[in-house]
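Below you'll find the structure, written out as structure tokens, and then a few comments.
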Amino acid sequence: WFRKALKDKGVDAYIPGRKQRKTPIKYDKRRYKRKNRIEIMFGRLKDWRRVATRHDRCPAVFLSAIALAATVIYWL
């Protein structure tokens, strides 16, 4: 029911179903493999205490802190 609700909203499935499932679920294998890069990026951003604990109340300041952290991470 959850996947059907997401499909109705236009969201595609990128995570495969379990192997025990009777009817296999179609998913994009290439995007599922690339999902790891996104998870690693969020892990690196959480190393920055200011971003992980979200000390900034203003959204503009918080997004600028994320941009700064992402720039430094990219350069390193």
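The values are calculated or read from the model by the stated rules, or taken from the named source; none is laboratory data. Owing to the predicted nature of the structure, the values given are computational and were not obtained by experimental measurement. Note that we place each Cβ from the backbone using ideal geometry, even for glycine, and neighbour counts take in every protein chain shown. Ligands, DNA and RNA are stripped out before the accessible areas are found, and what is left, the full protein with its side chains, is counted by its heavy atoms. Shrake-Rupley method; radii C 1.70, N 1.55, O 1.52, S 1.80 Å.
Rounding to the nearest 20 debye, state how big the charge dipole of the chain is about its Cα centre with +1 on each Lys and Arg Cβ and -1 on each Asp and Glu Cβ. Working shown, then result.
Numbers: 22 positive and 6 negative charges, 133 e Å.
That gives the chain a dipole magnitude of about 640 debye.
Relative contact order for the stretch 1-75: what is it in percent, counting Cα pairs under 8 Å that are at least 6 residues apart?
Reported relative contact order: 17 percent.
Just the number please: accessible area per residue for the stretch 1-75, 1.4 Å probe, all protein chains included, in Å².
Using a 1.4 Å probe on heavy atoms only, each residue of the stretch 1-75 averages 97 Å².
Select one label from (1) 26; (2) 56; (3) 36: the one whose number is percent of Cα pairs over 19 Å apart as derived from the coordinates shown.
Comparing each candidate, only (2) matches the computed number.
Mean residue ellipticity at 222 nm from the helices of the chain, using -39,500 (n - 2.57) per DSSP H segment of n ≥ 4 over the full residue count, to the nearest 500 deg cm²/dmol?
So the calculated ellipticity at 222 nm is -18500 deg cm²/dmol.
Grab the other residues whose beta carbon is less than 13 angstrom from that of K29, score K and R as +1, D and E as -1, and report the net.
With Lys, Arg at +1 and Asp, Glu at -1, the neighbours total +4.
Heavy atoms only, probe 1.4 Å: what % of the accessible area of the chain goes to carbon and sulfur, would you let me know?
Using a 1.4 Å probe with all protein chains present, the chain comes out at 58 percent carbon and sulfur.
Among the trypsin sites (Lys or Arg not before Pro) in the stretch 1-71, which ones are in a DSSP loop with at most 11 other Cβ atoms within 10 Å of the Cβ? Mind listing them?
Sites meeting the loop and neighbour criteria: K9, R18, K19, R21, K22, K26, R54, R57.
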